[in-house]
Structures are given as structure tokens and as C-alpha cells.
């Protein structure tokens, strides 16, 4: 799973095998190690309790939550992804994108 952060924008891009893992386990995560026991964890988690995509940052972990029903449609169709915004109070909005990795989409179509 690729993580891209640019300004107030957060993008997760998943390969087909990562989407399979997400659908099976309900969660996929990666860790970036910075040394000296410092790391950043980022995860995409499916939920049956929310009807929107949201993101949080708690103790060096970015968690994006996505409705399971949306993920099922996404995994089983050619739908590329989802984009939403989340209010972050006086700081404005956070743009959140969850997408299939185009590199892998092109490879599957050829």
C-alpha cells in the first residue's frame, strides 16, 4: 500500500493483492521505520459502523476507516477509488483518497 501526503491531502493506493488482503482481514497496514524506535504506521480499516471515509492520527498511526460495503463494490468492479473531505476544524479540510494502483490496473487490462 502506497501512502502519499501532500499538504492537507492523504492518498492510499492499493495493489490487487493488497485489496484481497483488505477484503479478507478487514485491515491492511504498513510501517515506516525511522530508527531509534521511531516509526509511522498507516492503515486502512473496514467498518460496518460508519457510512463515510474518515482519517485519524493517534500516537504515530494514521488510520483511514472505510465502509465495508463500499470496499466490496470497489473490489468487485472497475471503480478506481473514493475521494472525500473531512473537516479538521479551524485548519480547514483534509482531502482523503483511497484508490486502486493504476500501474496494476493497466497491467491487468493488457
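The values are calculated or read from the model by the stated rules, or taken from the named source; none is laboratory data. In this text the structure is predicted, and so the values were computed from the model without any measurement. Because the Cβ atoms are built from the backbone with ideal geometry, glycine has one as well, and the counts that use them run over all protein chains shown.
Assess whether residue 31 counts as being touching a strand residue (DSSP E or B) at 6+ places or on another chain (Cβ under 9 Å), surrounded by 14 or more Cβ atoms within 10 Å (Cβ to Cβ) and either farther than 14 Å from residue 74 by Cα or at pLDDT 95 or above (or both). No; evaluated as a whole, the condition is false for this residue. For region 4-20, filtering for residues that are out of contact with any helix residue (DSSP H, G or I) (no Cβ under 6 Å at 6 or more places or on another chain), surrounded by 16 or more Cβ atoms within 10 Å (Cβ to Cβ) and more than 20 Å from residue 84 (Cα to Cα) leaves 1.
Residues in region 37-66 that are touching a helix residue (DSSP H, G or I) at 6+ places or on another chain (Cβ under 8 Å) and not in a loop (DSSP other than H, G, I, E, B): 3 in all. Applying a threshold of 7 Å to beta carbon distances and a minimum spacing of six or more residues, or different chains, the list of pairs starting in region 64-90 at a residue that is farther than 16 Å from residue 9 by Cα and ending at one that is modelled with pLDDT of 95 or more and exposed (fewer than 12 other Cβ atoms within 10 Å of the Cβ) reads 68/48.
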